[in-house]
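The values are calculated or read from the model by the stated rules, or taken from the named source; none is laboratory data. Quick caveat: nothing in here was measured; it's all calculated off a predicted structure. Please note: Cβ atoms are built from the backbone with ideal geometry, for glycine as well, and neighbour counts cover all protein chains shown.
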C-alpha cells in the first residue's frame, strides 16, 4: 500500500527514520526516563541499526509507520502508528520525546499530527479508532493523551513486560478535526 504524504506538526518536521539518525538515537536513549518506558535498547550504533531495521520492516509490512520528530534539524522524538492488522479498524499510537525536548509540547503536537495524518491516510482502509496506551504511573503520557484529544477509556491490567496496570485512551475518526 502506498501511504499518503507525511504528517505535519506545528513547528516540527516529521519524516520516516533514516540511517543517519543512528547517532541521535543512541544519544536520546541515554535518558533513563526514556529507557524505562521503551522495550528495545539502543546503547550503541549497532543497536540503533537494529532499531532502525525494525522501523523499515514495519513500513514495508504496513504494520508500523514510525516518524522521526525533528526541531530545527535535531531529533527530539519519535511518533509511530502501529497497525497489527493492515486494513483493520483500530491502531495504536506510540511516541517518545528526547529528554532535552520535554516540556516544549513536542509529544502532543507530534501525536496530533500523526493522528490527523493516519485518519486521512487510512480512512478508505477502514481505520476508525486509534488507541494510546501507557503505564498507569506515567502521568506525563496522560497529559499528552488529553492534549491530543484522546479520551480516557479504561484501565488495562498489567501485562508483561509491563509490571503495572496501564491506561487506554482512544480517539475515533470523527473526533476533532478529522
*Among the numbered conditions (1) assigned to a helix (DSSP H, G or I); (2) modelled with pLDDT under 95, tell me where residue 114 comes up short.*
(2)
*Do you know which of the residues in region 67-82 that are touching a residue at least 40 places away in the same chain (Cβ under 8 Å) and closer than 15 Å to residue 130 by Cβ is nearest to the chain's Cα centre (by Cα)?*
79
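Scan region 130-139 residue by residue and report those that are out of contact with any helix residue (DSSP H, G or I) (no Cβ under 8 Å at 6 or more places or on another chain) and not in a loop (DSSP other than H, G, I, E, B).
Pass one, region 130-139, residues out of contact with any helix residue (DSSP H, G or I) (no Cβ under 8 Å at 6 or more places or on another chain): 131, 133, 136-137, 139.
Result: 131, 133, 139.
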*Go through region 138-173 and give me each residue that's surrounded by fewer than 13 Cβ atoms within 10 Å (Cβ to Cβ), modelled with pLDDT under 95 and under 18 Å from residue 107 (Cβ atoms).*
139
*For residues that are more than 27 Å from residue 125 (Cβ to Cβ) and in a loop (DSSP other than H, G, I, E, B), tally how many sit in region 140-178.*
7
*Quick one: how many residues across region 97-126 are surrounded by 22 or more Cβ atoms within 10 Å (Cβ to Cβ) and farther than 23 Å from residue 34 by Cα?*
4
*asked:* I need the full set of residues from region 1-49 which are without any contact (Cβ under 8 Å) to a residue 12 or more places away in the chain and exposed (fewer than 12 other Cβ atoms within 10 Å of the Cβ), in order please.
replied: 2, 20, 32, 36, 46
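Is it true that residue 83 is at pLDDT below 95, in contact with a helix residue (DSSP H, G or I) (Cβ under 8 Å, 6 or more places away or on another chain), farther than 17 Å from residue 8 by Cα and surrounded by 17 or more Cβ atoms within 10 Å (Cβ to Cβ)? Break it down stepwise before answering.
Working: at pLDDT below 95: yes; in contact with a helix residue (DSSP H, G or I) (Cβ under 8 Å, 6 or more places away or on another chain): no; farther than 17 Å from residue 8 by Cα: yes; surrounded by 17 or more Cβ atoms within 10 Å (Cβ to Cβ): yes.
Judged against the criteria, residue 83 is not a match.
Can you name every residue in region 8-49 that is part of a loop (DSSP other than H, G, I, E, B) and out of contact with any strand residue (DSSP E or B) (no Cβ under 8 Å at 6 or more places or on another chain)?
Initially, region 8-49 is screened for residues part of a loop (DSSP other than H, G, I, E, B), giving 10-11, 17-18, 29-31, 38-44.
Answer for region 8-49, where residues must be part of a loop (DSSP other than H, G, I, E, B) and out of contact with any strand residue (DSSP E or B) (no Cβ under 8 Å at 6 or more places or on another chain): 10, 29, 30, 31, 39, 40, 41, 42, 43, 44.
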